[in-house]
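One structure below.
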Amino acid sequence: MKIKNREKAYDGYFKIYKLTVEQQGQTFTREQFDRGHAVAALVYDTRQQEYILTRQYRIGPEAELVEVVAGMVDANESPEESIKREIEEETGYATDKLQHLYTFYSSPGGTTEKVALYYAEVSHQHGAGGGNAHENEHIQLIRLSGKELEALQSPDAKTIIAQQWVRLQSSKS
């Protein structure tokens, strides 16, 4: 497949491009949702020995979701810097240890978004968390034991991937 033309069809909070593509002699159009790149982390409090997730309203499913900490990579910021910032903003914790787990496309059929998923250890909460008011974030912290995390039924892909990673770690020990 070869992209012959790219034009911006929408330029708002997100961007949508109309692509003219050619494949096997056929020319057709596709829309591409340019969402930027995201970061997410399964956060573990080593002092309390519990996982810290978030609950917030998400516009996509039009519902509150319990999910791992997540956010967008800002301009001139590395994914590692972004996730440390997001952990602090959403939970009030500074990151003690950060381990990259996976980087994956959230929905490669139509969006450019890649998600870098991490495991983060924290031990000192120096702020309230809850997100940024100027971003209209209203985030509640959810603290889960390992068993509660395993039992959590989440429709969120990055959270499911984090849960599977924990299961894999458990099966290794």
³J(HN,Hα), Karplus 6.51/-1.76/1.60, whole Hz, each residue of the stretch 107-115, x for Gly, Pro
7, x, x, x, 10, 7, 4, 10, 10
Taking the chain, the lysine pairs whose C-alpha atoms sit under 15 Å apart (8 or more places apart or on different chains) add up to 5
With +1 assigned to the C-beta of every Lys and Arg and -1 to the C-beta of every Asp and Glu, and no other charges, what is the dipole magnitude of the chain about the Cα centre in debye, to the nearest 20?
680
Between Lys147 and Tyr10, how high is the FRET efficiency from 1/(1 + (r/R0)^6) when r is the Cβ-Cβ distance and R₀ = 45 Å? Nearest 0.05.
0.50
Magnitude of the Cβ-charge dipole of the stretch 7-98, K/R +1 and D/E -1, about the Cα centre, nearest 20 debye?
240
Please find, in a Gaussian network model of the chain (springs between Cα atoms separated by less than 10 Å), the residue of Pro155, Pro61, Pro108 whose mean-square fluctuation is greatest.
Pro61
Heavy-atom accessible area per residue, the stretch 14-173, 1.4 Å probe: how many Å²?
56
Amide H of Tyr10 versus every other amide H placed in the peptide plane: which residues, excluding those fewer than 5 positions away on the same chain, fall under 5 Å?
Ile16
Please give the Cα centre distance for the stretch 71-104 versus the stretch 1-28, rounded to the nearest Å.
31
Amide H partners (placed H, <5 Å) of Tyr102, local residues excluded
Leu117
How many percent of the accessible area of the chain is carbon or sulfur, using a 1.4 Å probe?
46
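The values are calculated or read from the model by the stated rules, or taken from the named source; none is laboratory data. As the structure is a computational prediction, the values presented were derived from the model and not from experiment. No Cβ is skipped: glycine too gets one built from the backbone with ideal geometry, and neighbour counts run over all protein chains shown. For the accessible areas, the whole protein counts, side chains as well, though only heavy atoms, and no ligand, DNA or RNA atoms are used. Shrake-Rupley method; radii C 1.70, N 1.55, O 1.52, S 1.80 Å.
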